[in-house]
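What follows is one structure encoded as structure tokens, with my remarks underneath.
What follows draws every value from the coordinates through simple rules; no lab data is involved. Since we're looking at a predicted model, the values are computed, not measured. No Cβ is skipped: glycine too gets one built from the backbone with ideal geometry, and neighbour counts run over all protein chains shown.
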Amino acid sequence: MPHAKIVGSGSCLPSRVVTNDDLARELAARNIETSDEWIVERTGIRQRYIAGPETTTSDMAAQAARQALQDAGLSATDIDLIIVATTTPDLTFPSTACLVQDKLGIPGCAAFDIQAVCSGFVYALSTADAFIQAGRARNALVIGAEVFSRLLDWNDRRTCVLFGDGAGAVVVTASDEPGVLAARLNADGSYKDILCANGHVQDGQLSGDPFVRMDGQAVFKLAVNSLAQSALDVCEDAGVRLEDIDWMVPHQANVRIINFLGRKLGLDSDKVVITVDRHANTSAASVPLALDVARRDGRIKSGDLVLMQGVGGGFTWGSVLARM
Ligand code: UT7
């Protein structure tokens, strides 16, 4: 049975950087008080990238995909599966994956979206792994891409300071060498209300609340506990010890969640990739963006054992353990 191996990665960030001070000034104009000090202390976020109105999720996804293909030394025509994880698709349909396929100019291969909010990338990577193991794909593009800023209520300081936009992509290929060793995906829909955007289109109108709403403390606790258990589960499935993990690439929502998780698992903090300070929470894009940063700066190398984890709305969570 072939193994699904990550052989390339890429990313795309909008050009506009918004620092906490910039945001505090913009919110002050709306009589909403926040500060760099509060945001850094509670979340570790220092800045985020915000897409302009002309930029779409599929634009950033296609750009990240091109970079991942170049990194993998493959051309777009080698790709036979495209999976895009996103909560902010360009359109209700066609899927963002179909739009990316068109932008890459490779008609014919399977292309679809996955909606698991901030867990989307690990859901998509696990799905690509299953396709490759089953012999139904040889070279897959797995992308997490979001313009999450479009779902933000700029009058709600509890959420609007937390998120940013961007895209990350990997190329996963069928290989004789070990790649994805194990994956665990979970969801509990009974927690649907603690993190949601309840709007939908009905009769040509937007119905319900279109903005992200979150019970931050409930999400925080659930995130730490579910990711800790998921890490143990995936290690058990793969027959490896936690201490054998070279790099942990967790969902980048809050540095305090990441630190709590690391302490709970007894993981050395030097082994944890953190980009939330620069990118903020980019939902489905956060894990592939962080992975790409750590591959490009030389921390994550070929042969390393990497644990990727996502958690978010649904409630959803999951882990993929992979040999690079
Ligand atoms: O992608 C997965 C999803 N999301 C997450 O994983 C997020 C999980 N949750 C969190 O990261 C944290 O709960 C938050 C960062 C959202 C909030 O941090 P917290 O330490 O739980 O703060 P809190 O909600 O308990 O609020 C503390 C205070 C409140 O004021 P009072 O009631 O104590 O007077 C808030 O009104 O901080 C206030 N506050 C703010 N102050 C300045 C909330 N947001 C802000 C803000 N600036 N932006």
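Explain nothing, just compute: Karplus ³J(HN,Hα) = 6.51 cos²θ - 1.76 cosθ + 1.60, θ = phi - 60°, for every residue of the range 219-231 in order, whole Hz, x for Gly and Pro.
5, 4, 5, 5, 4, 4, 5, 5, 5, 4, 5, 4, 4
Estimate the FRET efficiency between residue 31 and residue 206 by the formula 1/(1 + (r/R0)^6), using the beta-carbon distance for r and 22 Å for R0, to the nearest 0.05.
0.30
Tell me, what HN-Hα J-couplings in whole Hz come from the Karplus equation 6.51 cos²θ - 1.76 cosθ + 1.60 at θ = phi - 60° for each residue of the range 317-322, using x for Gly and Pro?
Values, residue by residue: 7, x, 9, 10, 10, 9 Hz.
Could you give me the ³J(HN,Hα) list for the range 107-112, computed from phi with Karplus coefficients 6.51, -1.76, 1.60 and θ = phi - 60°, whole Hz, x at Gly and Pro?
x, x, 6, 5, 8, 7
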